[in-house]
Amino acid sequence: MLGSNGLAQSIEEGAYLTAAAGCKACHTQPKGAGQEYAGGRALDTPFGTFYTPNITFDPDTGIGRWSDADFVKALKKGISPEGFHYFPAFPYTSYTNMTDRDARSIYAYLKSLPPVQAPNKPHDIGAPFSWRWLQWGWKILFFKEGGSSVPVIQSSADRGNYLVNALGHCGECHTPRNALGGIDRDLYLAGSASGGEGELVPNITPDKETGIGDWSKLDMVSFLETGMKPNFDDVQGTMEDVITHGTSKLTKEDRTAIADFLFSVAPVKNKVKK
Ligand code: HEC
Ligand code: HEC
């Protein structure tokens, strides 16, 4: 059992991890239309429009009746308390690499926020993608469940790996998908013509011509804080949310860790075009 100080600490850690994992951007309607974490945000994907659910602790319309074990199972296995499979528009495919301890801290943080009554909206997706039971087959093809062991973190790049792949789910947008929505591992982080919400998402492997090979590490650390690119362009689209709610809230060490990891990835030549 956690003592009260343990709980306060895990809420504080949870707030940080929730920012790093970008939960708010997806689970809140843009521009103040809804309450924080009450869901209802439309995600336009090539497979249809998903509406994010309410993840406040309202007992009737949110997740107020969930145990922390239910929560860890949703985040790391993509399975609901009733046993149905989530669509991978919810990036449990990345969160599966999170430690159970971090998932529980996120739970403690969300539980500490005010519950909001806001019923969920059904998704607007066509068959066969709308068939929930098919997600089971999809998982066999494309989902690799993370372990329950705690990753060994020996260097800043190791920490960056965890921030990029377990929390920040950068690859969910920056890696292209096949026709069934599975991640194309050969083009890991090499950009996508219709990533995120159908946008063009650039190659962030350190390839000199088509990626970020001509950025310095400092360029990257400052981009992840301010959204300004080395050519003085401001960041656009969903990446702006990633920076505003996510990477700008991290410590400088963690932003540096992300940069260290990105420059350690094998460069992939891939020119992303619409
Ligand atoms: C890219 C957008 C996106 C991000 C980022 C995201 N989610 Fe979600 N989440 C979704 C979608 C879409 C669903 C609904 C999936 C479905 O219906 O199968 C969902 C479902 C859920 C559910 C299940 C709720 C229920 O009522 O069954 C929980 C819990 C949840 N998310 C928590 C989180 C947490 C915690 C984070 C951050 C660690 C997070 N989500 C980040 C899109 C997102
Ligand atoms: C929701 C989708 C999404 C996620 C998640 C995401 N990105 Fe992005 N990213 C984008 C888009 C879209 C752009 C293009 C923005 C622009 O052109 O201004 C972008 C641009 C970038 C750029 C600028 C590259 C260039 O050449 O201009 C970098 C660097 C970057 N992202 C790093 C990251 C990192 C690191 C993460 C994880 C912490 C991440 N992104 C997560 C969608 C995403």
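None of the figures in this text is laboratory data; all of them are computed from the coordinates on show. Since we're looking at a predicted model, the values are computed, not measured. Heads up, the Cβs are rebuilt from the backbone with ideal geometry, glycines too, and the neighbour counts pull from every protein chain shown.
Structural remarks
- Net charge, SER80 excluded, C-beta distance under 9 Å - Lys, Arg +1, Asp, Glu -1: -1
- Dipole of the chain, positive end: most advanced residue of PRO115, VAL242, PRO128 [Cβ charges, Cα centre]: PRO128
- Working note: Karplus 6.51/-1.76/1.60 with θ = phi - 60° gives segment 123-136 the couplings 5, 10, 10, x, 5, x, 5, 7, 6, 4, 5, 5, 4, 5 Hz, where Gly and Pro are set to x.
- Reachable lysines, given that their alpha-carbon falls under 16 Å from the alpha-carbon of LYS249 and they are not under 8 places away in the same chain: LYS24
- 10 Å binning of all Cα-Cα separations within segment 94-184, expressed as whole percents from 0 upward: 13, 31, 36, 18, 2
- Segments 33-39, 211-217 sorted - mean Cβ within 10 Å per residue, highest first: 33-39, 211-217
- Cross-link pairs exceeding 27 Å in C-alpha to C-alpha distance, out of LYS76/LYS217; LYS252/LYS273; LYS31/LYS144; LYS77/LYS111; LYS208/LYS274, comprise LYS76/LYS217; LYS252/LYS273; LYS31/LYS144.
- Environment charge at PHE50 (Cβ cut-off 11 Å; Lys +1, Arg +1, Asp -1, Glu -1): -1
- Farthest toward positive dipole pole in segment 156-264 [+1 Lys/Arg, -1 Asp/Glu at C-beta], among VAL201, ALA179, TRP215: TRP215
- Calculated P(r) tail over 30 Å for the chain, as whole % of Cα pairs: 27 percent
- Separation of alpha-carbon centers, segment 233-248 and segment 133-198, rounded to whole Å: 19 Å
- Residue ranges 135-147, 250-262 sort as 250-262, 135-147 when ordered by packing (mean number of other C-beta atoms within 10 Å per residue, highest first).
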